[in-house]
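Beneath this line is the structure, given in structure tokens, with notes to follow.
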Amino acid sequence: MYYSKTEVQSNNIPESRLANMELLRIVSMMLVVVLHFLWKGDCLPPLSQSSISNQDYLAWGLEALAIVAVNVYMLLSGYFLVESRFRVKRLIGLLLQLWFYSIGIGIAAAAFGYMPEDGFSIYYLVQLCLPVSSNHYWFMTAYVFMYLFAPVLSQGIKKLTKKQFQIVLFLMIFVFSVIKSVTPVRLAADMSGYDCIWYLCIFMVAAYIRLYGLPFFKNAAHSFLIYLMSAACIFGITLLLRVVYMKTGKLVNMLDICYDYNHILVLAASVALFYTFCHIEIKNRTLSHVICRIAPYTLGVYLWHEHIVIRYEWTGWLYDIIEAPDSPSSLIIVTLLAVTAVFVIGIILDMLRSLLFGGLHMLLLRISAYRSFDRWLDGIVIGQKKEEIHE
């Protein structure tokens, strides 16, 4: 979600720092594409197979570096939302963007003969028209629910003392991350981080960072080193689990557990990469402007290539143009080409969407009902602040 200069200044975030955060938003979306390419481009062999090549090891190593992507994107959102007032127009704008891709790509795909494997059905129609409720884009479903809960969580967090917040946050991380990270079996209630609950936890982590900070991540170099060490641990423990499996035939369901979004190592790597960019200051005004100009369109990158009729097709389209990787060096090259192509197409598409439908978007956002609802919410917040002052 993009924040205007006015909103940034009201939250005491200088524009140069915003450029750092928006650069991280761009990087995290590129890492999302890396994850999707490695998996859907058949670059990640099952860890249970008897033979794994150097290229395969490299692919799992890249996966360890990129697995922080979604957590980082949600950390960014939570970092800004905790000090931002809830706006219905933001939610409506997000839903309009979702419908543009969900329905628009569905119509365009049908015109070119692309349909789900099961063909057209009522369920497919529901997935196009109700992308949040049908979990068409699982990330967006979790994001929308997090956004709806954000104002409630923000107000609750600000009622807690720092010590109380630390206790609550510790318990949440322990219950939803630490336990699953050390238990030698898959837990029935564990969704591997593909759910709203985990991103509410991420919101809490981002809120704590925004309100109190984590002095442990003292500079960019130190933070980046922790990110690399965490990624190395993810990769190393995975290889160790594979050795155990190859010798005993046990723990087959645990081989890739370190790559779950809610694994404690992934959380540590995510926070470390987040802090790496927090400590970097972009002083070049031209570069800062370019970054802040591109970043608002990054969500379009996700929405186009993860559409239900495209998500398992685009890697095939890529391999029709270039050969699938067959060596470690070609894996690096093809991955870079895939990320560049998907990212550039997504940015261009979202720019066109904004240009073509910007007027309609603004018209809907100016409907008096939404503006009145926002004013009503503001009145509640102002009233609460006055009561606190009198108390």
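The values are calculated or read from the model by the stated rules, or taken from the named source; none is laboratory data. On a predicted model such as this, the values are computed, not experimentally measured, just so you know. As a convention, Cβ positions derive from the backbone with ideal geometry for all residues, glycine included, and neighbour counts pool all protein chains shown. These area figures cover heavy atoms from the full protein model, side chains too; ligands, DNA and RNA do not enter into them. Shrake-Rupley method; radii C 1.70, N 1.55, O 1.52, S 1.80 Å.
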Item to check | Packing-based order for 119-127, 234-242, using average beta carbon neighbours within 10 Å, highest first | outcome: 234-242, 119-127
Item to check | Charge dipole of the stretch 58-210 about the Cα centre (unit charges at C-beta), most positive-ward option of Thr141, Met204, Gly156 | outcome: Gly156
Checklist entry - Once you charge only the Cβ atoms, +1 for Lys and Arg and -1 for Asp and Glu, what is the size of the charge dipole of the chain about its Cα centre, to the nearest 20 debye? => result 1400
Next on the checklist: Give me a comma-separated list of calculated 3J(HN,Hα) values for the stretch 26-35, in order, Karplus coefficients 6.51, -1.76, 1.60 applied at θ = phi - 60°, integers in Hz, x for any Gly or Pro.
Outcome noted: 5, 4, 5, 5, 5, 5, 4, 5, 4, 4
Next on the checklist: Can you give the FRET efficiency to the nearest 0.05 for Ile107 and Arg186, using r as the Cβ-Cβ distance and R₀ = 45 Å?
Outcome noted: 0.70
Next on the checklist: Give me a comma-separated list of calculated 3J(HN,Hα) values for the stretch 267-272, in order, Karplus coefficients 6.51, -1.76, 1.60 applied at θ = phi - 60°, integers in Hz, x for any Gly or Pro.
Outcome noted: 4, 4, 5, 5, 5, 5
Checklist outcome for this item: By the Cα gyration tensor axes a ≥ b ≥ c (a/c under 1.5 gives rounded; else a/b larger than b/c gives prolate, otherwise oblate), the shape of the stretch 218-353 is oblate
Item to check | Cα-derived Rg to Rh of the stretch 110-222, Kirkwood definition | outcome: 1.12
Checklist outcome for this item: XL table Lys40/Lys283; Lys180/Lys247; Lys89/Lys283; Lys40/Lys250; Lys162/Lys218; Cα-Cα > 29 Å flagged, in table order, is Lys40/Lys283; Lys89/Lys283
Item to check | Accessible heavy-atom area order of Met140, Met115, highest first, probe of 1.4 Å | outcome: Met115, Met140
Item to check | Cα-based Rg / Dmax (Å) for the chain | outcome: 21.8, 70
Checklist entry - So what is the diffusion coefficient of the stretch 193-292 in µm² per second by Stokes-Einstein at 25 °C and 0.890 mPa s, using a Kirkwood Rh over Cα pairs? => result 157
Item to check | Inter-label distance, nm, simple model (7 Å from Cα along the C-beta direction), Leu337/Glu281 | outcome: 4.2
Checklist entry - 222 nm [θ] for the chain, helices only, -39500 (n - 2.57) per DSSP H run of 4+, per residue, to 500? => result -23500 deg cm²/dmol
Checklist entry - Points 7 angstrom from Cα along the Cβ direction at Phe170 and Trp138: gap in nanometres? => result 3.2
Checklist entry - GNM on the chain, C-alpha springs below 10 Å: top fluctuator among Lys158, Lys247, Lys180? => result Lys247
Item to check | Fraction of accessible area attributable to carbon and sulfur, the chain (%, probe 1.4 Å) | outcome: 67
Checklist outcome for this item: Residue span Ser51 to Leu95: 0.36 nm per residue of separation minus Cα-Cα distance leaves a gain in nm of 11.3 nm
Item to check | the chain, accessible area per residue, ligands and nucleic acids excluded (1.4 Å, Å²) | outcome: 50
Item to check | Under 18 Å from the Leu356 label point (7 Å along Cα→beta-carbon), backbone N, the stretch 95-137 | outcome: 95-114, 129
Checklist entry - Nearest 0.05, what FRET efficiency do Ile345 and Val244 give at R0 = 56 Å with Cβ-Cβ as r? => result 0.85
Checklist outcome for this item: Simple spin-label estimate for Glu117/Leu160, 7 Å along Cα→Cβ, in nm, reads 4.3
Checklist entry - What are the ³J(HN,Hα) values, in whole Hz, obtained from phi via the Karplus relation 6.51 cos²θ - 1.76 cosθ + 1.60 with θ = phi - 60°, for each residue of the stretch 125-141 in sequence order, with x given for Gly and Pro? => result 4, 5, 4, 6, 7, 10, x, 6, 5, 8, 6, 3, 10, 4, 5, 5, 4
